[in-house]
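Chemist: Structure in structure tokens, see below.
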Amino acid sequence: MQTNDFIQANRKMWNETAAIHAQGYVSTLWERIKAPDYSTFDAVERRIFAQIGLADKTVIQLCCNNGRELIAIKKAGAKRCVGIDISDNFIAQGQQLAQYAGVEVDFVCSNVYDIGAEFDGQFDLVYITIGAMGWLPNLDAFFGLIARLLKPNGQLFIYEMHPILNMFDASKGLVVDSSYFRVEPFADENSPDYYEPTQHVSTTAYWFPHKLSDVIGGCLKHKLNLTHFEEYAHDLSMVFAAFEQLEKKPPLSYSLLAQKQ
Ligand SMILES: C[S@@+](CC[C@H](N)C(=O)[O-])C[C@H]1O[C@@H](n2cnc3c(N)ncnc32)[C@H](O)[C@@H]1O
């Protein structure tokens with residue numbers, strides 16, 4: 001398969017997932033998202049957003065899904081919010097949610113690798129969360145894009161699943177299943193949905209394992225200076241939630257801040 005075949009398969013899978021989420025957790029989001037104090041931030045994000053200061057910031061979220069997090073960022077005081085996602089169904093869901101929430105958020109349906117120069121140098125903050133980077137085959141190009149999007153001194157905030165989790169199959173527990181250094185993508189076939197595990201997603205999708213050094217190296221190569229990095233024992237994905245209960249556990253998530261030179 002060529003890179004674009006993987007990306008188009010993933011787009012199809014995410015469009016299928018959007019319909020499952022619309023019937024599931026999103027049906028309970030409509031009322032909550034209208035509240036002025038609606039938020040998706042956990043303790044880590046509250047601390048980091050307080051440090052960054054969202055007021056008057058221009059923010060772009062890559063792989064924003066239905067914008068549930070970006071809408072929280074807008075409600076927390078950001079000036080302009082742009083969300084990019086490859087799934088037209090999730091982008092449509094995001095537009096409806098933002099309208100319902102009473103906030104202005106710009107949603108753009110695009111493969112991140114197809115973003116041209118139109119957004120270059122416009123953002124104080126690039127935001128990436130929970131299960132975004134594993135869908136992307138080329139992290140070097142992704143960090144190049146991030147560097148282009150940021151204004152000078154702009155910041156990158158990543159809050160993601162820890163790459164060590166690629167060694168494990170959540171259904172088998174803490175048993176090494178893959179090499180940390182694996183490069184070929186995982187093909188997820190007929191997998192349970194992460195929000196609605198009783199429902200299975202029929203489209204085969206492709207998940208790309210990346211090392212932590214691919215993330216840190218991407219920052220270094222594209223002159224994004226690390227200002228914060230922390231690893232956590234809490235899961236963000238829901239898929240690995242059971243690992244939180246283990247006495248001897250691997251790192252489950254991390255946060256990273258970097259500033260453009
Ligand atoms: C796990 S979801 C992100 C969830 C989000 N952080 C949240 O908690 O609501 C991953 C998203 O990445 C998007 N995505 C995958 N590949 C992409 C690509 N090449 N370009 C843009 N978006 C992509 C998918 O459509 C999906 O909405």
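Bear in mind these aren't lab numbers, they're just calculated from the coordinates by the rules spelled out. Since the structure is predicted, the reported quantities are computational estimates derived from the model, not experimental observations. Glycine also receives a Cβ, built like all others from the backbone with ideal geometry; neighbour counts cover every protein chain displayed.
Chemist: Restricting everything to alpha-carbon atoms, can you work out Rg to Rh for the stretch 52-179 with a Kirkwood hydrodynamic radius?
Modeler: Working: Rg = 15.7 Å, Rh = 15.5 Å.
Computed over Cα atoms, the ratio is 1.01.
Chemist: Check the stretch 3-260 and count each lysine pair with an alpha-carbon distance under 13 angstrom, considering only pairs eight or more places apart or from different chains.
Modeler: Going through the stretch 3-260 pair by pair, I get 10.
Chemist: Also, quick follow-up: Loop only per DSSP, at most 15 neighbouring Cβ atoms within 10 Å: give me the chymotrypsin sites (Phe, Trp or Tyr not before Pro) in the stretch 116-188, ordered by residue number.
Modeler: Working: sites: 119, 123, 127, 135, 142, 143, 157, 159, 168, 180, 181, 186; in loops: 180, 181.
Counting only loop positions with at most 15 other Cβ atoms within 10 Å, the chymotrypsin sites (Phe, Trp or Tyr not before Pro) in the stretch 116-188 are 180, 181.
Chemist: Most fluctuating residue of 117, 19, 55 in a GNM of the chain with Cα springs under 10 Å: which is it?
Modeler: Residue with maximal mean-square fluctuation among 117, 19, 55: 117.
Chemist: So what is the diffusion coefficient of the chain in µm² per second by Stokes-Einstein at 37 °C and 0.692 mPa s, using a Kirkwood Rh over Cα pairs? Before the final figure, lay out each step's value.
Modeler: Numbers: Rh = 18.8 Å.
This corresponds to a translational diffusion coefficient of 175 µm²/s.
Chemist: Over what distance in Å are the Cα centres of the stretch 148-168 and the stretch 20-75 separated?
Modeler: Here the answer is 17 Å between Cα centres.
Chemist: Now for a separate question. How about the stretch 204-261: which trypsin sites (Lys or Arg not before Pro) there lie in a loop by DSSP and see at most 15 other Cβ atoms within 10 Å? Please report the intermediate quantities before stating the final value.
Modeler: Working: sites: 211, 221, 223, 248, 260; in loops: 211, 223, 248.
Taking the stretch 204-261 and a limit of 15 other Cβ atoms within 10 Å, the loop trypsin sites (Lys or Arg not before Pro) found are 223, 248.
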